Amino acid sequence: MSAAVLTGYKCNYCRQTYLNSSDLCGKCGSTASLFEFELPDDGSIVTFTTVWRGVDYLPQPYTLAVIDLGGEIQVLGRVKRGGQGIAINQKVRYAGKDEYGHIFELS
Amino acid sequence: MRKVSVIGAHEIKWGVLKEKPLLDMVSEAANKAITDAGIDRYAIQAIFLGNAFGEILTGQATLGSATANILGIPHVPSIRFECACSSGAIALREAFLNIAHGVYDYVLVVGVEKMNTKETPQILSAIATSFDFYDQKAGIVAPAVFALYASAHMKHFGTTKEQLAMVAEKNYYNGSLNPNAHYQKQVSLEEILNAPMIAEPLGRHDCSLVTDGAAALVLGPAETAKNYNSQPINILASAIAGDYYRVANRDSYVSFASTRIAARQAYEMAGVQPQDITCAETHDCFTITEIINIEDLGFFPKGEGGRAVQDGETRLAGRIPVNASGGLKAKGHAIGATGVGQVVEAVTQLRGKAGERQIKNVELFLTHMLGGSPSISVIHIFARGY
Ligand SMILES: [Zn+2]
């Protein structure tokens, strides 16, 4: 399986990073300065929760976590646990995205 | 800036009010606040109303105009403010600022929310509109946001599930003494701890109630307040601050930056220290939120909120009683009304009229609401004006 790639966007002018592309940088207003870059695949869990009563389009329970990607950006994503335990500071790897958002798996 | 007083205050009994139309709730709260103020309604120069989900849950927007009309003063400027849970607190702040700066003399503040109009999933979807679009899609719901904070606080400070449960137990107890509370029964620690999980580590009893409610205040200049009500309550401070909207963008999951910033501003404006505050109503949308708030408001050092709750410091007879009304947990969380309801509690306590839940020797009362993801914090400080 080829490694999933998480793309970020960075402003060439003020260095603000974004997860979604845009016509201009919201922080400094600079136009045509956002460039695509590849975010690190490996990250660690800043905090997490397993949701038992959540949105109806995701199978319950699902685990949500704030993931720190190499100090570059923090991302909210679902974590595939495969029956394993989970803890703050645990290492995770980017596993791709679906129509709802980003997915990570325990390293 | 002129000093501003609350000269009238009233809230209806909160609960599941399926039979009571939205505007009847507004009318009852507003008319009784006007009566409490002893003011002629034609002296009211503006109406500021807090409401979050009028369109989604009741099919009625433009609640400013609807309110002025039902009160028989259709030509008075009447505006609705929306900022999720802090909608009512923001309406209050805008009224305060307008009077303080001499734009108006007398302003009616209303908070109203009718939540129990649909099935639970639709109500939860309405609440989720308070969050960033991508966060919503990713599966964020209100309990999940605060569960992220609970996990971090437990990890970093050793805060326990029992301490979370003690917040709920305390607020249920306080609510059992409040005739206006949505839920007026005590709940045992054991029952709270054994409740089904909603978003780990938060169980059903860690979550606030889905409540219909309305509350209203009449504000005016302090210098003429006693011409209307013999027990006016002065607003010593009004402060507000924001935070990153997307949940993953925060620097910390053990503290709300907006609360720390707004608190610093509020204490400076009032010329007081956190330890001078007698008691507070603070945003306990989830039990962990109250623990983090009492730290961020400076009542206890960071990380010691859970211990303070365990030691009974925030109970009615404790060092700094928190959520004497029952809070969002037991008095209920009628989103846009909650911030105004907190001030009704402040007025009631400062006037010494809180009955069985009366706190002794109340001098300075602080109210605090979070709103959004939470991406906003609103704080007011009150003292007697008589
Ligand atoms: Zn930029």
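Consider region A:1-24 and keep the residues that are more than 14 Å from chain B (Cβ to nearest Cβ), open to solvent by less than 60 Å² (accessible area, probe 1.4 Å) and free of Cβ contacts under 8 Å to residues at least 40 places away in the same chain. The one that is farthest from the ligand (Cβ to nearest atom) is A:Thr7. Screening B:Tyr149 against (1) within 13 Å of another protein chain (Cβ to nearest Cβ); (2) among the aromatic types (Phe, Trp, Tyr); (3) open to solvent by 10 Å² or more (accessible area, probe 1.4 Å) leaves a single unmet condition, (3).
For every residue, the table says whether it meets (1) within 14 Å of another protein chain (Cβ to nearest Cβ); (2) assigned to a loop (DSSP other than H, G, I, E, B).
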{"residue": "B:Tyr253", "(1), (2)": "yes, yes"}
{"residue": "B:Thr259", "(1), (2)": "no, no"}
{"residue": "B:Arg264", "(1), (2)": "no, no"}
{"residue": "B:Lys302", "(1), (2)": "no, yes"}
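Using the structure shown, decide if B:Val247 is within 30 Å of B:Pro121 (Cβ to Cβ), more than 14 Å from every other protein chain (Cβ to nearest Cβ) and among the β-branched types (Val, Ile, Thr). Write out each step before concluding.
Values: within 30 Å of B:Pro121 (Cβ to Cβ): yes; more than 14 Å from every other protein chain (Cβ to nearest Cβ): no; among the β-branched types (Val, Ile, Thr): yes.
Against the criterion (within 30 Å of B:Pro121 (Cβ to Cβ), more than 14 Å from every other protein chain (Cβ to nearest Cβ) and among the β-branched types (Val, Ile, Thr)), B:Val247 does not qualify.
Annotation note: Cβ proximity below 8 Å between a residue of region A:55-66 that is facing another protein chain (nearest Cβ under 7 Å) and surrounded by fewer than 20 Cβ atoms within 10 Å (Cβ to Cβ) and a residue that is in a loop (DSSP other than H, G, I, E, B) and not hydrophobic (A, V, I, L, M, F, W, C) (sequence gap 6+ or interchain) occurs for A:Leu58/A:Tyr100; A:Leu58/B:Gly139. Evaluation of B:Asn174 against the conditions (1) surrounded by 24 or more Cβ atoms within 10 Å (Cβ to Cβ); (2) in contact (Cβ under 8 Å) with a residue 24 or more places away in the chain; (3) touching a strand residue (DSSP E or B) at 6+ places or on another chain (Cβ under 8 Å) shows that the sole unmet condition is (3). Taking region B:297-322 as the range and being farther than 23 Å from B:Glu268 by Cα, buried (at least 24 other Cβ atoms within 10 Å of the Cβ) and in contact with a strand residue (DSSP E or B) (Cβ under 9 Å, 6 or more places away or on another chain) as the test, the residues that pass are B:Val309, B:Thr314. Checked against the criterion of being surrounded by 24 or more Cβ atoms within 10 Å (Cβ to Cβ) and assigned to a loop (DSSP other than H, G, I, E, B), region B:192-201 has no qualifying residue.
Among the residues of region B:323-345, are any surrounded by fewer than 24 Cβ atoms within 10 Å (Cβ to Cβ) and in a loop (DSSP other than H, G, I, E, B)? Can you show your working first?
Let us first name the residues in region B:323-345 that are surrounded by fewer than 24 Cβ atoms within 10 Å (Cβ to Cβ), namely none.
Looking through region B:323-345, none of the residues is surrounded by fewer than 24 Cβ atoms within 10 Å (Cβ to Cβ) and in a loop (DSSP other than H, G, I, E, B).
Please pick out the residue among A:Ile73, A:Ile86 that is facing another protein chain (nearest Cβ under 10 Å), within 15 Å of the ligand (Cβ to nearest atom) and open to solvent by less than 40 Å² (accessible area, probe 1.4 Å).
Numbers: A:Ile86 fails: within 15 Å of the ligand (Cβ to nearest atom).
When all the criteria are applied, what remains is A:Ile73.
In region A:25-42, the count of residues that are within 16 Å of the ligand (Cβ to nearest atom) and within 13 Å of chain B (Cβ to nearest Cβ) is one or more.
Let's see how each residue does on (1) within 14 Å of chain A (Cβ to nearest Cβ); (2) among the small types (Gly, Ala, Ser):
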{"site": "B:Lys137", "(1), (2)": "yes, no"}
{"site": "B:Thr159", "(1), (2)": "yes, no"}
{"site": "B:Glu169", "(1), (2)": "no, no"}
{"site": "B:Gly175", "(1), (2)": "no, yes"}
{"site": "B:Asn178", "(1), (2)": "no, no"}
{"site": "B:Tyr183", "(1), (2)": "no, no"}
{"site": "B:Gln186", "(1), (2)": "no, no"}
{"site": "B:His205", "(1), (2)": "yes, no"}
{"site": "B:Ala215", "(1), (2)": "no, yes"}
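One residue alone among B:Leu124, B:Leu97, B:Leu108, B:Leu92 is surrounded by fewer than 24 Cβ atoms within 10 Å (Cβ to Cβ) and either in contact with an Asp or Glu (Cβ under 6 Å, 6 or more places away or on another chain) or in contact (Cβ under 8 Å) with a residue 60 or more places away in the chain (or both), and that residue is B:Leu97.
The residue that is least open to solvent (accessible area, probe 1.4 Å), among those in region B:15-69 that are in a helix (DSSP H, G or I) and free of Cβ contacts under 8 Å to residues at least 12 places away in the same chain, is B:Asp24.
The values are calculated or read from the model by the stated rules, or taken from the named source; none is laboratory data. Here the structure is a predicted model, which means the values were calculated and not measured. Using ideal geometry, Cβ is built from the backbone for each residue, glycine included, and neighbour counts are taken over all protein chains shown. Note: areas computed on protein heavy atoms with side chains; ligands, DNA, RNA excluded. Shrake-Rupley method; radii C 1.70, N 1.55, O 1.52, S 1.80 Å.
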